[in-house]
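Reviewing the structure listed below.
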Amino acid sequence: MSTSTLLIELLTEELPPKALNNLGNHFAASVAEGLEKAQLTDGAAEYTAYTSPRRLAVQIKNVKAVQADQKIVKKGPAVANAMKDGAPTKALEGFARGAGAKIEDLTIINDGKQDVYAYEYVQTGKPLGELLEDIINQAVKKLPIPKVMRWGSSTFTFVRPVHGLTVLHGADIVNVSVLGLQSGNQTLGHRFLSQGAITIEHADSYAGQMKNEGKVVASFAERKAAIQTALNEQAGRLKAAVAADEALLDEVTALVEWPVVLEAGFEAHFLAVPQECLILTMQQNQKYFPLLDQNGKLMNRFLLVSNLQTDDPSHIIQGNERVLRARLSDAEFFYKQDQKATLESRLPKLANVVYHNKIGSQAERIERLQSIAAHIAKALGADAAAAERAARLAKADLVTEMVGEFPELQGTMGKYYARLDGETEEIAEAIEQHYQPRFAGDRLPENKIATAVALADKLETLVGIWGIGLIPTGDKDPYALRRAALGILRMLMQYGLDVNDLIQTTFESFPKGLLNDKTSSETADFMQARLAVLLQNDYPQDIVAAVLAKQPRRLDDLTAKLQAVAAFKQLPEAAALAAANKRVQNLLKKADAALGEVDENLLQQDEEKALYAAAQNLQPKIAVAVAQGNFQTALSELASVKPQVDAFFDGVMVMAEDSAVKQNRLNLLNRLAEQMNAVADIALLSE
């Protein structure tokens, strides 16, 4: 059966740039999936998505004009229930009638369990045109559109008004109706660089015609690559680096159909404003690409991506420079205004900034942060007074003009204003870094003072919000408690602090009775669960479970323990010792009395005497190794007692009739378990 390329294009008004690529990929994938399910593709659907500001399109290779004929088997009632006294039952008659067949047309097949009546027939394949309309409409309905709109007198809804529908199978128009539009073979190109309708000659010629006749680079990936190349070339000529992330590049790619990269500039006096402010306003407000010199300092040159190609782009450059000048003037004004008041003098205003109506204002929060940060700094061996001062000023920039305009600069502006106020560099850096890590993979604070304030900030959020009952559920976590917990854990893995002590200290910083009494224990459990999630990114689940079963209160040696357990698991004796440890724990659960010291006089059999001697010999070795942090050495020592453990379980009845002997043997096993589980609960290791 012959196949050809299928092209579908929805011509629209300008689509939302941040959603464009996602919409295009979803539309293309849904159409391809629909064609596959309808058996209209020769094998898996090979497709290409085309997205630009005014179009969603997909091109699918090897699409059939007509479905292949299909053998259909409709199963009916079991043979045992289909006939009675030689006559068909109502069940069989009803099945035949529903299948549109006569009883004599039915066959008997086995469905894998029993013989049943069935109606088998060949269904003639339907043409592409009969099936495609529903496939496209279903793809449109599945698009991840947060808000839809209507246009004109139409009752149809879409993310933006749709003005054209192109559907071609090879060179032939496939007649379908979607969103009130009848399909054709004509579309429009660039709003300003092309004129009149473009007739697409063949589904395969779409991208080429759009580029040559329509001045539209239809492929999102191709446009993005072209912009990236042009940016790098222009920056290289200026010996500069482009300051932009992937999100900005994607957004700009979604704003243009025929990208042209131009160089522009602004007055050098604006560089007196902190460069983070200038970069943010260029990127966020204007979608420009700032340039950094070889020292990472902002230059007064920038790159912009125009959607127009002209012999003289000076008017485009000057227009963008004029718009940016106004933005930068605002930033410069805010910066100068903010310098008229110190951070300290702004603190009373925080009383009017509500943190949470059940917990209080930012001013009340600052009081808690100071005491928590000072406590943590002491534990870290850092200057508690410096940590307290940094915590006191940490939120003061929230009431500055600059942060009011650009909330993303909180902390950053605090650093600059602290320097201008004469605060120490350590305090200034802590004010900026106390928000770190902001997200997974973000940098940790660089020094102990900053770490103390960052821990205080995240602990106060976690304990406070949890304590008033706003616990994360499912995918809902409006106060980002999971992120706060992971940030705390990452910092604690760097420093040897007691996590439970920090949680309790934070809990006690709140007014008595404000938080739930179970807050400390519940947040500790929550942290333990998040720790398991964090560690399982790098280590197998059973190794993580074995280490965390000891409920470590210090996390700075976790990595060493995990690596040691991973190495132990590779030893030939590991599986047998893990199984023995599990058996020991099960026996200890049956103890009738409290476990205590081993009485050598009650050791009767050679096997238990040998195990006792081995355990006695092992105890100081493991104690020294654990104390020194040599966890791998401690675990490897366990291999030496495997013969005595095996012999004990082969030859000794632990639950002896003599209660004193039984208790002594349980005491011995308890002594062994303490040594076997000194680093991790090895019973949890899988084979």
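Observations on the model:
- Ranked by the mean number of other Cβ atoms within 10 Å per residue, highest first, peptides 170-183, 97-110 order as 170-183, 97-110.
- Where trypsin sites (Lys or Arg not before Pro) fall in DSSP loop in the range 368-472, at most 14 other Cβ within 10 Å: 438, 443
- Around the Cα centre of the chain, unit charges on the Cβ atoms of Lys, Arg, Asp and Glu (plus for the first two, minus for the last two) sum to a dipole of about 1220 debye.
- FRET efficiency for the residue 292 to residue 473 pair, using the beta carbon distance and R₀ = 51 Å, is estimated at 0.75.
- With q set to 0.19, 0.21 Å⁻¹, the log10 of I(q)/I(0) for the range 1-144, from the Debye formula over equal scatterers at the Cα positions, is -0.99, -1.12.
- Mean Cα-pair separation over length for the range 1-146, i.e. relative contact order, pairs under 8 Å, 6 or more apart, %: 27 percent
- The orientation-averaged shadow of the Cα convex hull for the range 568-687, equal to a quarter of the hull surface, comes to 7.0 nm².
- Theoretical ellipticity at 222 nm over the chain - DSSP helices of four or more residues, -39500 (n - 2.57) apiece, nearest 500: -14500 deg cm²/dmol
- Once both labels are positioned 7 Å from their Cα atoms along Cα-to-Cβ, the gap between residue 591 and residue 105 label points is 7.9 nm.
- If you wrap the tightest convex hull around every Cα atom of the chain and split its volume per residue, you get 292 Å³.
- For residue 157 and residue 536, the FRET efficiency from 1/(1 + (r/R0)^6), where r spans their Cβ atoms and R0 equals 41 Å, is about 0.45.
- For the range 437-453 versus the range 95-147, the spacing of their alpha-carbon centroids is 59 Å.
- Accessible area per residue, Å², the chain with all protein chains present, probe 1.4 Å: 47 Å²
- For the range 58-105, the fraction of 1.4 Å probe accessible surface lying on carbon and sulfur atoms is 49 percent.
- Accessible-area composition of the range 329-472, carbon plus sulfur, in percent [1.4 Å probe]: 50 percent
- With q set to 0.11, 0.14, 0.16 Å⁻¹, the log10 of I(q)/I(0) for the range 78-221, from the Debye formula over equal scatterers at the Cα positions, is -0.66, -0.80, -0.93.
- Square roots of 5 times each gyration tensor eigenvalue, C-alpha, the range 386-454, largest first, Å: 17, 16, 9
- Flagged links, alpha-carbon separation over 30 Å, of 458/589; 378/518; 18/211; 147/395; 211/297: 458/589; 147/395; 211/297
- Taking the 1.4 Å solvent-accessible surface of the range 616-687 as the whole, the part contributed by carbon and sulfur is 47%.
- Taking amide H positions as modeled 1.01 Å from N, with prolines and chain starts lacking one, the residues under 5 Å from residue 355 and 5 or more places away or on another chain are 360, 361, 362.
The values are calculated or read from the model by the stated rules, or taken from the named source; none is laboratory data. Being a predicted model, the structure only gives us computed values, none of them experimental. Positions of Cβ are backbone-derived with ideal geometry, glycine not excepted, and every protein chain shown enters the neighbour counts. Ligands, DNA and RNA are excluded from the accessible area calculation, which covers all protein heavy atoms including side chains. Shrake-Rupley method; radii C 1.70, N 1.55, O 1.52, S 1.80 Å.
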